[in-house]
Structure formats: structure tokens, C-alpha cells
Amino acid sequence: AIAQHLLEEECFGADWAAYRNAQRLHFDGKFLDAYFAYLELRQEFKETVYAEAATCYLIEILTKLADEDNVVNQKKRVEEAKKELVETKERLALSLRLGESQQIANTYQTRIKKLERKITLWQNTPAGVAALEKAERETLTFFDTDKNGLYRGEAMLNVGLCYLEVFYEIEKGEEWLTKADKWFDDVRKLDVILEKFQVPDKARGVSQAPKTERFTDEFNNVKMSQLQSGQVFNRRECSWYLSAKQKSAVLMLGLIAYAKKDYETAKTQWERLYEVDEYFKKADGGQWWSTAKRLLWDIENTPGCFFATKEEMTVFSDARSRFVLLVAEVELEQQDYPAAEKKFRRLLRAKAICSSRERSAYCTFALATALKMQFKTEEAVKLFEQFAPNKPFDKTPTAPRVLIQWANQLTQNPERKEDYQRGLKMYAYIVQCYSKTEYADQSQFSIAMSFYAENKLVPAKEALNLYLKKFPKGKFVEVAKELLKGVDGKSAKE
């Protein structure tokens, strides 16, 4: 590793090698290590593009350390370093007793000094709310040094997203995102050549970010480009940087308005997505809808809802809880299932948001859906089990929605008799206990269809007649009448 680092310094410059090392730690989730690597980089290579990037990423890491999940990891990392320090001291003592060479002893002593310094620095690194407060101060200073410099909008965006997604503070988050959005608009209009912050020619080839935000793979799937450690990603070096960052701000500002039921403002923001990222226009002309089109469709057709039904959304009665839910739901809307999984897990831990059985039920269902779409079937089924009769989420607004999906899956293969019978019982339970929901209509019809498919004509006829009696205005009435004629015809032939 040392030889590799020295080679990179010689070929591409010590500044780029330090930048790449810090980014490797950053991308690997070693936030404490990366934090101090960026600090050292910023100090050693002042007034370079790498120092500008380091300041932005220091702020991003501070927002990561504000997250309770990463706070736990931070404490664990400190404890691991303390353990390593104890072990290294014991090795040094043993080395001295055995009379080993001074060179070996020096190696241990150097390692001990580094570990002691690292532990001291790590213990003084802010976490939780303190980390976010430091991120805010760093961002304000960063902005004041050069309002139109590189990375300023990205830093503001990260602080705003942290307020929204980690602390669920809408007002503060909206304030920072509005500043970021304005910065993106302002710098688009500027014709500023930032010569001082060019990537040196020596490292230009290895620091080049992907040329486009999306690419088409060998199976003709559109995928997002991923940044690699060492690549420089800013508005000077990458043509799609501004659109990639600004659309996050615009999307979130629209979500805030949507949560407040200010649908006109939400619509205005989401229509801007077409200006910020021209890809959306191209996508809408093809087979799949863009995120922008799906969001605008939701405003027109199911205002206030994404993945949840209107009845499910009623339990999220205040703007704050609606916004937090929508932030997680928009990941399902964009089909980013790993991101949706992470956010719904966080919601289920947030007692202030999942403050009732009904809220927890819906978030559990959404989490199970995200897991199912990632083929994590076993874990998803365990969550679905919580909606079965007499289980924790029985008789919640979400329960019939879960049960009917589950029943549909269980009844797909009649040869699996145990699953098939359980599915039929679920349909019957929905009809009995959730008779006033749309799912009762579909369940009664599904029972009839199951009997009809198995050529069990007598129970099929009974189920169809019961459907017509219970749901005279149901959505399957005409089909049920036609099936009854078919049943009578078959019975007559027999």
C-alpha cells in the first residue's frame, strides 16, 4: 500500500494522492478516518481544487456523523483503536523483555504515538446534533470566503438534507435547500473561469469524472454513473454536476410543499425538474415515466399520496410526519429500493413519527415491499406475518392491503395445497373483517374465481351469487354475471 501511494504521488502529484486516499476512506464509510484525512489535505494543499473539495466533503462527513447510526459506529471505531493501543503496548513490552532490535521497538513506539493521537482526535470529533451545528458553521465560513466558488451549493444541500432526513426539521431544511437552489441558479448564469482551482495537468486523466450522469449497459438498461475515489466532481470539471445536485434540492422543496398540501407550489417545483435535468424530457417519450412525470401525475390524480392510500395517509395528520413519510416514499416512487429500505427502517425507530400502531403498520408494510423488491423474501414474509389475524397490525388500515397481496401470492399455485387454502382463508377474513374496504370486493371475487378455476361449480356459483349480493355496484359485477352463465351452462351439460 505504501509503495502504491508513493507511485501515485510520483505519477499524479502528492495532492491528488492525498485526495484519492481521503476519498477511499470516505467511500468505504470510514468517516472518522476520512474526516482527518480531509483536514490534513486542506491544511497541506491550500488554495487548490483538492482543498476546496476537502472542505465540502468535511461538511458532508459531519452530516454523516450527525446520524445516530454513524454515531454508534464512531464509538465502536474509538473502542477498536483503544483495544489496538493496549495490544501494541503489550507487544512493545514483550519486545523489550525479549531484547529484540531497537528497530522493532521503534516501529511499535511510532504506532503507539499514532494511535494515541488518533484516539484523542476522534474523541473530540463532534457527533449527533453537535456535528450538524459544526457543519453549519463550516458551510457559512466556506460560503463567505467565495460566494460563487466551487462546491458551495453542494455543502448547503448536504446540511439541508441532514436537517430533513436525519432530524426531520422542515423549516431549517427548507431554509438551507432554498439557499442551495438559489446558488445553483446563480452560478449557472456566471461566466467565471476558476483558473486557481483547475486540476493540475499531471492528474487530469485519473481525476476525470464520468462524462454523463447515466449510461446504458449491455442489456440496454439505463444506469446511474458512480463516482470513484480520486475523481474530481464539480461544475468546472464535470458538465452534469450542477443538474445532479440541484435536482435534489428542487425535488425536496417540492416534497416540503406537497407535505403542507400546497400542491401548486409542489407542481411548480417539480415542473422545474425538466429544466434542471433534460433527461426527464427524453425519458417521458419512452416506455418508462421519469420521476418528474410520476410526481406530477400524483398531484393531479392522488394529491397528498404516493405509495400510501388516502386512508393510510390520514394517520399522518401533521405536515412534519407527512413530509418524513414522503421522503421515504419517494424512494419507492423512484424504484430505489435499498434507499427506501434504509429510510423506512429509520422511520420505524423514530418514536415521534411512528407514534401509533397505525403508523407503524404502514411503515412496516412499506419496508416489507422494499425488501420484497430486492428479493429479500424471507424477511419480507416475517413482516407480512404481523398483519395476520390476531397479530400486532391486525385491524389497521394497512392490514387488508397486505393480506390481499399475500393471499394473491399464496393462491397462485393450487398444487401447493396448504398455501392455497391459507390464501382462501385470508380472502374470507378480508370479506368478513374489512367489508367496507375496496379489498373486500376483490377478495370475494377472488374466492369465486378460485373455485371456478378448479371447476368446483357448486361453490363457485355460491361465491358468485354472494358477490353480487354483497357488492351490487362492485367493479367485477359484469364479469361475475358472465361467469354465472358459464357455471349454469357447464352444470346443465353435466
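Where a number appears in this text, it was derived from the coordinates with a stated rule and is not lab data. As the structure is a computational prediction, the values presented were derived from the model and not from experiment. A quick note on method: Cβ atoms are made from the backbone with ideal geometry, for glycine too, and the neighbour counts reach across all protein chains shown.
In straight-distance terms, cross-link reach from LYS83 covers every one of the aspartates and glutamates whose alpha-carbon lies under 13 Å from its own, apart from those fewer than eight places away in the same chain; here that gives GLU116.
Relative to the Cα centre, the charge distribution of the chain, modelled as +1 at Lys and Arg Cβ and -1 at Asp and Glu Cβ, gives a dipole magnitude of about 1360 debye.
For the chain, which span is the longest to avoid every loop-located (per DSSP) member of chymotrypsin sites (Phe, Trp or Tyr not before Pro) having at most 12 other Cβ atoms inside 10 Å? Spell out each step's value before the answer.
Numbers: sites that count: PHE219, TRP288, PHE375.
In short, 1-218.
Taking Cα atoms of the chain, Rg/Rh with Kirkwood Rh, to two decimals?
Values: Rg = 29.1 Å, Rh = 26.7 Å.
Here the Rg-to-Rh quotient is 1.09.
Cross-link partners of LYS382 among aspartates and glutamates, defined as those whose alpha carbon lies under 17 angstrom from its own and excluding same-chain residues fewer than eight positions apart: GLU341, ASP394, ASP419. Ignoring aspartates and glutamates fewer than eight residues from LYS118 along the same chain, the ones with Cα atoms less than 20 angstrom from its Cα are ASP28, ASP33, GLU40, GLU44, GLU79, GLU80, GLU84, GLU87, GLU90. Local charge sum around SER95 (other residues, Cβ-Cβ under 14 Å, Lys/Arg +1, Asp/Glu -1)? Computed value for this residue: +1. What whole number of Å gives the distance from the Cα centroid of the range 308-373 to the Cα centroid of the range 2-76? Going from one Cα centre to the other spans 33 Å. Rounded to the nearest 10 degrees, the angle from helix 68-98 to the longest Cα principal axis of the chain is 40 degrees.
Counting Lys and Arg as +1 and Asp and Glu as -1 over every other residue whose Cβ lies under 13 Å from the Cβ of LYS134, the net charge comes to -2.
Here are some pairs, LYS342/LYS395; LYS343/LYS372; LYS436/LYS469; which of them have Cα atoms lying more than 18 Å apart in this structure? Don't skip to the answer; put the middle values down first.
Numbers: LYS342/LYS395 26 Å; LYS343/LYS372 15 Å; LYS436/LYS469 14 Å.
Result: LYS342/LYS395 exceed 18 Å.
Quick one: length gained pulling GLU133 to GLN374 fully straight, 0.36 nm per residue minus the C-alpha distance?
On the way: separation 241, 0.36 × 241 = 86.76 nm, distance 3.58 nm.
Between GLU133 and GLN374, full extension yields 83.2 nm more.
Residue farthest toward the positive end of the dipole of the chain, with Cβ of Lys/Arg at +1 and Asp/Glu at -1: which of TRP406, ALA130, ALA244? Toward the positive end, the furthest listed residue is TRP406. Between the listed residues PHE280, CYS56, ILE299, the Cα displaced farthest toward the positive end of the dipole of the chain, a dipole computed from Cβ unit charges relative to the Cα centre, is found at ILE299. Taking amide H atoms as placed 1.01 Å from N in the peptide plane, the amide H of ALA209 lies under 5 Å from those of VAL232, each 5 or more residues away in sequence or on another chain. The GluC sites (Glu not before Pro) of the range 1-76 that DSSP puts in a loop, and whose beta carbon has at most 12 other beta carbons within 10 Å, are GLU47. Compared with the dominant principal axis of the Cα atoms in the chain, helix 14-27 is inclined by about 30°.
Give the residue list of GluC sites (Glu not before Pro) in the range 320-415 that are DSSP loop and have at most 11 other beta-carbon atoms within 10 angstrom. Answer in residue order: GLU415.
In this model, which of LYS310/LYS425; LYS46/LYS82; LYS30/LYS82 are farther than 25 Å apart at the alpha-carbon? Before the final figure, lay out each step's value.
On the way: LYS310/LYS425 27 Å; LYS46/LYS82 32 Å; LYS30/LYS82 17 Å.
From LYS310/LYS425; LYS46/LYS82; LYS30/LYS82, over 25 Å: LYS310/LYS425; LYS46/LYS82.
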